[in-house]
Amino acid sequence: MEPPKELEGHRFVGDKRIQRVHDLDSCAHEDVIGGICTSRSYATFGPDELREARNRGYKPAACCS
């Protein structure tokens, strides 16, 4: 999927409401990512890696496996 404008340049995006991380390269549910952006409840990670998201307590989202 093509990331929303505010998430350009990021691969892993966390949902602060449920502590789940989405991989924008493999996520098939654009509506989920759109909802995160609309509510402004997203987190980005530096470095932009799954390992960093896990270090911050986020678990991979089932829809992005």
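Coordinate-derived values only; no laboratory data. Keep in mind the model is a prediction, meaning the values are calculated, not measured. For neighbour counting, all protein chains shown are included, and Cβ atoms are generated from backbone atoms with ideal geometry for every residue, glycine included.
Observations, loosely collected:
- From phi via Karplus (6.51, -1.76, 1.60), per-residue ³J(HN,Hα) for the stretch 14-21 in Hz, x at Gly/Pro: x, 9, 5, 5, 10, 6, 10, 10
- Per-residue Cβ neighbour rank within 10 angstrom, fewest leading, Ile18, Ile36: Ile18, Ile36
- Rounded to 5, percent antiparallel among DSSP beta bridges of the stretch 5-64: 80
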